[in-house]
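See structure below.
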Amino acid sequence: GLRSVIAWNWVLFNSTTYGFAPSTKTGPSFSASWSNQFSFRLRSAQEHCDKETVTSEAIAPMSLTTIPNFRPIVPRLAGPSGGMKDYSANFDHVCRSAALDELSIKDAESLIVDQGFFSAILDLRNQDEIKTERRSEGSTLFYDWLETNADVRSTQLVNIPVLQDVNRFWDITIEQQLTPLERAQATAQSIWQAGALDRAAARSLEAQQHIGLYKSMLQSGGSQFGRALDMILLLVETDERPILLHCQKGKDRTGLLAMMLQHCVTRDEKNSIIESYRLSEVLLGETELSKGKGKRAKNSSSGSGSQLDWSRFRGSPAAAMEQTLDWIDASYGSMDGYLDMIGFAEEKRKRLRNACRR
């Protein structure tokens, strides 16, 4: 139907459980090796960082150059004074990226040889977004290896679809982001034209751009964000190895989860949250100069009225995160208020901070 078309094919994925068994195969030698590799990468970033040309290779661990938007959740990038802010010694091992669909053979072999490098890979996409047939040869090799070694692998694959209930996403958009007049007009149109309310919601999201999209994500996906935060807390408390979080591009769903994690660790360092979010459009090549080149998603059976212009949501402009943080403050009192609402209360936030600062 129309909703699956204008929602990036996000459909209701009826998965209520996910398996996880934290690995205990860690030790000082592994932890030290990881820390040394990452410290070297971050020193290189400090020496060579140009925020408009920085690459994932400069700020990410190992040499996984074919994972787009790959970096730590809290990048220690040079600030206005030229210094680096080091919020915690161990938070570097929580990484973010786009989907692992473009791995080279070399990168796949690196992950396979160093099995267990990641304690877990958390995929925030809906099941219908995971297109195995579109994976590169290297990605197919890596995922096939994980499945073949399912009984012995120490890297857990965990799916927590933030937009599990896509109908709720659109219902909230209609209820919260359309004016009473817009809802009344669309409701009247729906008598003779199916999907009029969804199309009106789509137009509203296009007009608001990122902030409209994020408001609906945060309101409809709160329970899933809470599940993801609980999983991350469990991992950082039980395993010293790095965690990888990703969605499709690593900027919207992953960006919102990274925002929450950064808040928990940096305690309202909004400038750091905004800059980390903005970096996605640089690493993905979706800055202002490249905008407007996206295609419109179209339902061929419903005509042009069903199109949604996804080029309106390209990039990750700083203003979008500023607006999102301001909206959270206005709607929930603070970021802590939102986290309380989704079940990640202060006791958990304190545990996360302590675990990341060990």
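The values are calculated or read from the model by the stated rules, or taken from the named source; none is laboratory data. These numbers come from a predicted model, not from an experiment. Please note: Cβ atoms are built from the backbone with ideal geometry, for glycine as well, and neighbour counts cover all protein chains shown. Side chains are part of the model used for accessible areas, which takes the heavy atoms of the whole protein and leaves out ligands, DNA and RNA. Shrake-Rupley method; radii C 1.70, N 1.55, O 1.52, S 1.80 Å.
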What percentage of the solvent-accessible surface of segment 113-242, computed with a 1.4 Å probe over protein heavy atoms, is contributed by carbon and sulfur atoms?
48
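Determine, for each peptide in 349-355, 130-136, 234-240, the mean count of other beta carbons within 10 angstrom over its residues, then list the peptides with the highest first.
Values: 349-355: 16.7, 130-136: 13.0, 234-240: 18.7.
Output ranking for 349-355, 130-136, 234-240: 234-240, 349-355, 130-136.
Sorted by accessible area with a 1.4 angstrom probe, largest first, how do TYR338, TYR332 fall?
Values: TYR338 0, TYR332 65 Å².
Per-residue accessible area, sorted high to low, gives TYR332, TYR338.
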Over 29 Å (Cα to Cα) among LYS215/LYS270; LYS106/LYS270; LYS131/LYS348 -> LYS106/LYS270; LYS131/LYS348
Based on the Cβ-Cβ distance from ASP340 to ALA319, what FRET efficiency comes out when R0 is 30 Å, to the nearest 0.05?
0.65
Using the basic label-point model (7 angstrom from Cα toward the beta carbon), what is the ILE105 to ARG203 distance in nanometres?
5.3
Would you kindly derive the ³J(HN,Hα) couplings of segment 165-176 from the backbone phi angles with the Karplus curve 6.51 cos²θ - 1.76 cosθ + 1.60 (θ = phi - 60°), listing them in order in whole Hz, with x for Gly and Pro?
9, 5, 5, 5, 4, 6, 4, 5, 4, 5, 6, 9
